[in-house]
Every structure is written in C-alpha cells, then in structure tokens.
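Report on the structure given below.
The values are calculated or read from the model by the stated rules, or taken from the named source; none is laboratory data. Remember, predicted model here, so these are calculated numbers, not experimental data. So basically every Cβ, Gly included, is an ideal-geometry build from the backbone, and we count neighbours across all protein chains shown. The area values use the complete protein model at the heavy-atom level, side chains included, leaving out ligands, DNA and RNA. Shrake-Rupley method; radii C 1.70, N 1.55, O 1.52, S 1.80 Å.
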Amino acid sequence: MNRRIAVLACGWSSYFLKDFIHGMMRTVEGKNIDIYVFNTYNYVEYSGFPNSTGFSIFNLINYEEFDGVVILSDLIGNPRVLERERLRILKAKKPAISINKKMQGICCLRVDNYTGMYDALAHLIKMHNVSDIAYLSGKEQSVDISERYKAYMEVLKDNSIAFDKDKVYTIESCDYHRAYRFFDDYVKSGKKLPQAFCCANDLLAMALLKVCLENKIKVPEQLKIVGFDNITEAQCTKPSLTTVKNCADLLGVEAVTRLIRGVNPMQVLNVKSTPVFRSSCGCGYSATSEQNLFALNILDEANKKEEFDSHLETLGEIFTEAADVFTLLTNLENFFVKSHRFEGTDFCIFMKSDWNSVLINSAENLPQNLSYGTQVQAICSVLDNQKYLRELLPAKDLIPSKMKTTDKSNVFLFMPVFHHSYVHGYFVAKNNLTMIDNRYGYMWTRSMGTGIEHFRKKNMFKQMSQQYLKLSTKDALSGALNRQGLDKLAKPFYAHNKKNGLTTVLFFVDINKMKHINDEFGHLHGDLAVKTVAAAAMETVPKNWLCIRYGGDEFLIVGSSKNYNGEDYCELIKKRLASKTSVMHLPYNLTASVGTYSVPPQSELTLEQAVETVDNIMYEQKQAFHKEDDKK
C-alpha cells in the first residue's frame, strides 16, 4: 500500500496552489507516495455572512491513516479552523509542515517573499534611477502580503528615499477588477504618476498595465511596474511584466523531502523568492518560443472557460428540470458519464447516505450539519472514462478501492459539496488538477450545492402545493373530496386512465332516507349519517381511489382497473356500513344505495356523462330499496 500525505488547502490562490502541488508530485514520483489534497473555498454570501462551511472537507481526514501532513495555513487563514486541525494533527503524532505560517508544535516552511521583492525594488532604484515609488495592496492580512510591504518600506529606507504614506494605497482585496477600477479612477483624477508602482501581486500589476495602455501612458518610459507571483499571463503582456517568482513548486519539493527525511517541529525553513526582470521596468526582454506558446494558450483558456460555463449551465438545468429523485440521479449520472472534461477520467461524486431523504426534506432551511456521517453513497463514478457502479462506501475510506493503485504515485483532489451550512457530500478526482485552475472548483462546488438546494426547494413547494390542493378540495364534514375535487383531481385522473389504456371504475353512493333522518332526528344526526357513510366508502375502496362528496347525501368514487379485480364494492360498502352502524345504537336504520359503472379507455364519454350514467344506475338501486321498504 502506498504511503499517503494529506494536504489541507484553500484554493483562492490557484497559481500558488497548483505550482505547489506540481512540486510535490514531481518529488513523490517513483516513491509510491500518494498525495491527498483536501481543497475548499471560503466566501462571503450575498447577505454579507462569511461562509466557512467548505472547511468541513477537513472533517474527512483521519490523520492516523496518513504518513505526513502539509497544511497550507496561510491560504486557509481561518484561525479557528487552523487551531482545530493543529490539535488533531498533534494528537495523531504525525509529521507535519505548515506553509507560510507558524503553528505551535509544527514545522514551518515558508516562501521568503521579502528577499525577492526587496531585490526587485533595489534593481529599480539602482539600475533605473527610480526614487519615486508608490505601493498598492489589498486588505488581506496574510504573511506573504505583509512581507512584500515590509520589503517596500525597507528598500526605501536603505536607499535614503523618504517614505510618503500618501503613496501607499489599499483596496478591498488583491483582485484584478478592483485594481482596474482603482487605477482607472486614479488616472482620470489627474493625479501625478509616480516613477514606478510596486504591486502586491501580478493581478494588480496587470490591471495597472491595462489602464496605462488604454490611456496611452507609456510603460516603462512614463511608468515602471513591478508585480509579484510570476503568473503565466505576466510573460505574455506587452510590455512583459517585471515580477517576483514565489518558487511555490520548490516549496512543494521541499515539503515532501522534509516529510520523508523527518521534520523538526521547532524549525522555520525559508525558500527564497527571486526577481524576474522584464520590459515593464525598462529591462530588455525577448520572449522565448515557450513563452510565445503561453500567449497562444490564452485563446485556448478562453474557449475552455466558455465550455466550462456551458457545462455548469447544463448541470443547473438537470437540477431544475428533474421531477423526482430517481430522475435527478439518473440524469446526473448520464451527464457526467458523457461530459467530464473538467472532472477528469477517474472521479467520484459521493453524497451522505441519507441524501435521498434530504432531497425530499420540506424544511424551509436545512439545519447546520458539517458531518459526512459514517457512510457515503456514490451518485456517479467514472473509471477510465467509463461508468462504474454506484457503491456505498465507509466515509473513512475516502476513495473506492478501484481508484487505488500501488504501482505508481497518485494525487487525489477532494472538494466539498454543500449549501449554506449543510454539507451534502464531496467530489474526488484522481490525477486531475483542472478543478483548481481559474477557480473552476469554486464555481463547480457552488453550482452543485445550489442545484441541490433548488431541487429540494422545488420539491418542497411541490409538496406545499399538493397539501394546499388537498386542503382546498377536502370536504370538512365527511373527510372526502368536495366538488372542487371533481374538477381538480377527478378529471385529470380520468384523463390519465384513458391515456394509459386503463378502465375507469365509478361508484355512486346515496344515503337512503336522508330527508327523513334530518326531519325526524335533526341535522346533527344528518351530519353523523354523512360522516358514517363516507367513512364506510373510503375504508372499503383502494386508498388511491378518489371519494368525492358529490351532493348533500351523495358520494362519487372514481377508481381504475390498475388495482381493481372485479370486487363487488357495492355490497362491500353496504356490509362495511352495516358493521359500523351495528355498534352505534342509532334511532334509525342507516343504509345506502350503491351503483357502479365501468368506462373502457376507448370510450368517448366525458367524465360528466359517465357520472350521469352511474347516477342513473344508482337511482335504480334506490328505487328498488324504496319499493322493498314500502312493503315493510
């Protein structure tokens, strides 16, 4: 059995995460070590409530089952989550490494963001004679961002450049679109440009570059730009972007190497970042064939994003259009078996074992539940592009046995499926990191969670509608359907029988001497008679037949041949009524006349015409009753 390393991550910094995992993969190759990446995304809901439910994916991890742990603590950021996992890791006594953030009792491995940024800015000052540098960052409190700012402060000090707080700008987050709006407003305001802008990451720097190009500001002649992270796009811009390589891949290599050789919980190890000088700072730079290929790949990525959006739209339609749980599961499985470019060739979607009951839960909102339970059920499994059985799996096993191989190292990517504070299950893919590209995983898991909730709410409203229909068509006195039930339920029932080739069976029940009962014994006894006859009729015929109070003392029963074998319900209803009244000690004899008529599916009779026919048949029975009673 392969050794296993658990990696705890939050995927917002997709470039860093992917490079880090690739570094780990490169190091474990040939060593029979599997990497289990537990990745999620925290976010702020439309109401402004911060949602951290996705961190529940870490609840799947039984640290005792792993040979080492890597926790990308700086990406996760959440102090409560980090402390909980720290205690669990220490309790399991497994070797562990925290990335970019110190955690008590755990070895820390970090990128030295300071050195690369310092060297890049020192290069601007010394090689390009820059003395006026502004700085832009987001409000993030991560270690890497703070180190970059520290480098900016100290390089000014070391080169005798006065610090000006008015040249330090902070926006909501290190996001491209927010940065674009900031720089666009900055330029349009007419503010004097500094000689250079130092940006906390490449996304901010690229937003600035776009604003410069739109406003015919020459880079690097009028403004020099420095970013950080060395993302792929930074090599493809014109001018190309001077930046700092964070060496996340080397960090991944070092993490695996340290876990294999052994770690010292007290150590803090640094992997230096390195500046990459390109055209945006004034350095000569010519693109290699590989970098030109990156530029060509931009079109491929745009097409891939469009395909992914279409993929999610179809997924949403499946949840919207499915009429029941069986149809939903069937359509989901068929869709993923046919279309799984983004999920990969080997993946499973697991839901908690009680998922079916959750889907039909009629609560307005599901209660908080962050547990995966003891068992999970695969609603879709694909192996080598082929559909596999929907197996039930102990949650502690994480992946089905068919995914495990011992002849090589593998990477397994886990992501939670949830909505608000309720966890439904998880997704796992083998040797496919597509979901951590461009935040695809975030959009995929949100779409799955939202789709499940939409289906559940749709089912809830359907149940409410059925309940309302039931209440609006129910006769309060007898418990049978009222005359509205004839139009709303009986007519569709009759049409369904004809469409499906079923014979419709009609029974008409009329209380004998109802006027006599009301006149002689009062309307309370009349009401009792109605309830008693209705109960006798409904208790006798199949439960799914419709019993309608057609008039004051008349009942229409509509059934089908699907569950009718020629029983003589006319006599059975009378016998049931006699049995009920035998213990009631009524001051009168309560009986009913019953007539029956069957309508074959090919008949052209409307329901009203069929009811008129069975009413006439019942009337003949009633006439016979009166003649017999008169003789007495």
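Need the full-extension length gain, THR613 to LYS408, defined as separation in residues times 0.36 nm minus the C-alpha distance. One decimal, nm. Mind dumping the intermediate values first?
Working: separation 205, 0.36 × 205 = 73.80 nm, distance 7.80 nm.
Gain on stretching THR613 to LYS408: 66.0 nm.
Where in the range 325-364 are there GluC sites (Glu not before Pro) that are in a DSSP coil and have at most 16 other Cβ atoms within 10 angstrom of their Cβ? Don't skip to the answer; put the middle values down first.
Values: sites: GLU333, GLU343, GLU364; in loops: GLU343, GLU364.
Taking the range 325-364 and a limit of 16 other Cβ atoms within 10 Å, the loop GluC sites (Glu not before Pro) found are GLU364.
More than 25 angstrom separation, counting every C-alpha pair in the range 395-517; what % is that?
Values: 4470 of 7503 pairs.
Counting pairs separated by more than 25 Å, the tail of P(r) holds 60 percent.
With respect to the cross-link table entries LYS338/LYS462; LYS191/LYS238; LYS18/LYS408, which display a Cα-Cα separation exceeding 28 Å?
LYS338/LYS462
Sum -39500 (n - 2.57) across every DSSP H segment of at least 4 residues in the chain, then divide by the residue count to get the 222 nm mean residue ellipticity, nearest 500. Could you put the intermediate results ahead of the total?
On the way: 17 runs with 263 residues, N = 632.
Per the formula, -13500 deg cm²/dmol.
Using label points projected 7 Å from each Cα along Cα→Cβ, tell me how many nm separate LEU572 and ALA624, to one decimal.
Distance between label points: 1.9 nm.
Which entries in LYS157/LYS272; LYS31/LYS150; LYS150/LYS224 show an alpha-carbon gap greater than 29 Å?
Values: LYS157/LYS272 22 Å; LYS31/LYS150 40 Å; LYS150/LYS224 20 Å.
Result: LYS31/LYS150 exceed 29 Å.
Which trypsin sites (Lys or Arg not before Pro) does the range 435-519 hold that lie in a coil by DSSP with at most 11 other beta carbons within 10 Å? The partial results should precede the final answer.
Details: sites: ARG439, ARG446, ARG456, LYS457, LYS458, LYS462, LYS470, LYS474, ARG483, LYS488, LYS498, LYS499, LYS513, LYS515; in loops: ARG439, LYS513.
Passing sites in the range 435-519 do not exist.
May I ask you to give the percent of accessible area on the range 550-626 that is carbon plus sulfur, with a probe radius of 1.4 Å?
On the way: 2020 of 4150 Å².
Carbon and sulfur atoms account for 49 percent of the accessible area of the range 550-626.
Where in the range 104-137 does the label zone of ASP158 land, with the point 7 angstrom along Cα→C-beta and an amide N cut-off under 14 Å?
113-127
Just to be sure I understand: of the beta bridges DSSP finds with both ends in the chain, what percent are antiparallel, rounded to 5?
On the way: 51 of 92 bridges.
The antiparallel fraction comes to roughly 55 percent.
Express in % the proportion of alpha carbon pairs of the range 1-78 at distances exceeding 15 Å. Mind showing how you got there, number by number?
Values: 1771 of 3003 pairs.
The answer is 59 percent, as a whole percent.
Would you work out the charge dipole size for the chain about its Cα centre, treating the Cβ of every Lys and Arg as +1 and the Cβ of every Asp and Glu as -1, and quote it to the nearest 20 debye?
Numbers: 76 positive and 72 negative charges, 285 e Å.
Computed charge dipole of the chain: roughly 1360 debye.
Is the C-alpha gyration tensor of the range 463-579 telling us rounded, prolate or oblate? Criteria: a/c under 1.5 is rounded; beyond that, a/b larger than b/c is prolate, otherwise oblate. Write down the numbers at each step before the final one.
Values: a/c = 2.34, a/b = 1.41, b/c = 1.66.
The shape class here is oblate.
Can you tell me the relative contact order of the range 95-151? Whole percent, Cα pairs under 8 Å, sequence separation 6 or more. Don't skip to the answer; put the middle values down first.
Values: 42 pairs, mean separation 19.3, N = 57.
Reported relative contact order: 34 percent.
Quick check: from the Cα gyration tensor, does the chain come out rounded (a/c under 1.5), prolate or oblate?
Values: a/c = 3.40, a/b = 2.73, b/c = 1.25.
It comes out prolate by the Cα gyration axes.
Could you tell me the convex hull volume per residue, in Å³, taken over the Cα atoms of the range 555-619?
In the range 555-619, the Cα hull volume divided by residue count equals 96 Å³.
Please enumerate, by chain and number, the lysines with C-alpha under 17 Å from the C-alpha of LYS396, excluding those fewer than 8 residues away in the same chain.
LYS352, LYS404
Label HIS177 and GLN222 with points 7 Å out from Cα along Cα→Cβ: what is the distance between them in nm?
The answer from the label model is 2.8 nm.
Take each of the peptides 304-317, 247-260, 374-387, average the number of other beta-carbon atoms within 10 Å over its residues, and list them starting from the highest. Walk me through the intermediate numbers first.
On the way: 304-317: 14.4, 247-260: 21.6, 374-387: 16.7.
Output ranking for 304-317, 247-260, 374-387: 247-260, 374-387, 304-317.
Please give the per residue accessible area of the chain, computed with a probe of 1.4 Å over protein heavy atoms only, in Å². List each step's numbers first, then the result.
On the way: 29970 Å² over 632 residues.
Accessible surface, normalised per residue, equals 47 Å².
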